[in-house]
Amino acid sequence: MTGTLLLLGANGRFGTNIAKAFKRAGWQVRGFDRARDDLDRAAAMADVIAMGWNPPYHRWAAEMADQHARVRRVALRHDCTVILPGNVYVYGDQSGPVWDQDTPHRATNPLGRLRIEMEAAYRDEGVRTILLRAGDYIDTAASGNLFDKVMAHRIGRGVFFYPDRADIPHAWGFLPDFARACLALTEARDTLPRFADIPFPGYTLTGQDMAAALARVTGRAIRLRPLPWWQLRLAQVVMPSIKGNFEMRYLWSLPQRLDGTLLDTLLPGFQHTPLDDALAQAIAPLHQSGVATRMSAQTAR
């Protein structure tokens, strides 16, 4: 089943991966220019809306609710399904270690509450929604997130910075896999509940697991070092969005795993990219020219 996808936020990392997956499967993918296009008219020509708009942390309170309200209105008016990328902010600092579609949303911090309210509005207003929920993203391009900008930016020197204790399991999602899962769920949308909240298991890794995998990929020892939070605190003066990283810092000290049972039931046979291959693609843009032959071969796939 193919159709027309309206992609909001086509230049972001979610949007870029969604566009590739859907175009490859034969869908017509339409971008949206917020300065010129009319959302209602664009939605009228779409079967599915991929919601990739995401303001910086420091503008969530002012902008996020209105953005999603606009999308819900046009989705209901034109009976579009909305693909909504979810995160783990909704669970709160007393939850875990395993999260599934029935885990209560009990976050009390501002960013977590905003996510809870936004997601609940899709469900309560009856919008056809596929909410796929992942942990922190691993991407194939340097997109300015915590992984590539702070944690792995010195991987070429054999250093990987970690935000908290290196023995605590943490949830990760490889964006190309996440996009493929969004595609497969979208093509099976007639079989899903009207509001489908689906955990995406991805990889569950401690910092030690991540360092070991990076060592395999690079062919060299990887030294784990504490992430310099003090540098991020200083950077808040010129980059106010960094404050959100401090608010969500507790997630790095909270053992966590996203349960994949529901996704396995809905998409039997779905194959996740092997971890080493995903990491090879993720760190390739961060490396200097002297990359190991094995990594170059994996990245070219």
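No lab work stands behind these numbers, since they all come straight from the coordinates. A quick note: this is a predicted structure, and the numbers were derived from the prediction, not measured. Every residue, glycine among them, receives a Cβ derived from its backbone with ideal geometry; neighbour counts consider all protein chains shown.
Seen from Pro240, the other residues with C-beta closer than 15 Å to its C-beta sum to a net charge of +1, counting Lys and Arg as +1 and Asp and Glu as -1. Long hydrophobic helices in the chain: none of the complete DSSP H runs spans 30 Å or more by Cα along its own axis with mean Kyte-Doolittle hydropathy of at least 1.6. Sequence-distant or interchain residues sharing an amide H contact under 5 Å with Val159, placed H: which? Sorted by chain and number, the residues that satisfy this are Arg223. Over region 131-273, the hull volume per residue, using the convex hull of the C-alpha atoms, is 129 Å³. Taking amide H atoms as placed 1.01 Å from N in the peptide plane, the amide H of Val29 lies under 5 Å from those of Leu5, each 5 or more residues away in sequence or on another chain. Counting only other residues whose beta carbon sits under 9 Å from that of Gly207, what net charge do I get with K and R as +1, D and E as -1? It works out to a net charge of -2. Working note: 222 nm ellipticity from helices only, DSSP H runs with n ≥ 4, each -39,500 (n - 2.57), summed and divided by the residues of the chain, gives -10000 deg cm²/dmol to the nearest 500. Evaluating 6.51 cos²θ - 1.76 cosθ + 1.60 at θ = phi - 60° for every residue in region 193-203, the Karplus couplings come out as x, 4, 10, 10, 9, 10, x, 10, x, x, 10 Hz, glycine and proline recorded as x. Cβ-to-Cβ counts within 10 Å put Ile155, Ile116 in ascending order as Ile116, Ile155, the fewest first. Legend: translational diffusion of region 218-285 by Stokes-Einstein, Rh = Kirkwood radius over C-alpha pairs, 20 °C, 1.002 mPa s; D = 133 µm²/s. Ranked for footprinting exposure by Cβ neighbours inside 10 Å, fewest first, Arg34, Arg123 give Arg34, Arg123.
Put the Cα centre of region 75-128 next to the Cα centre of region 220-243 and the gap is 28 Å. Where does region 73-205 land on Rg/Rh, using Cα atoms and the Kirkwood Rh? Across region 73-205, the Cα-based Rg/Rh ratio is 1.01.
Relative to the Cα centre, the charge distribution of region 4-299, modelled as +1 at Lys and Arg Cβ and -1 at Asp and Glu Cβ, gives a dipole magnitude of about 900 debye. Less than 5 angstrom separates the built amide H of Val98 from those of Arg257, all sequence-distant by 5 or more or on a different chain. Global size of region 23-124: 15.4, 45 Å for Rg and Dmax (C-alpha atoms, Rg to one decimal, Dmax whole). Using the empirical formula 2.2 N^0.38 Å as the baseline, the Cα radius of gyration of region 4-299 reaches a ratio of 0.99. Each residue in Arg115, Arg189, Arg133 was given a count of other beta-carbon atoms within 10 angstrom of its own, and listing them fewest first yields Arg189, Arg115, Arg133. For the chain, DSSP calls about 10 percent of its internal beta bridges antiparallel.
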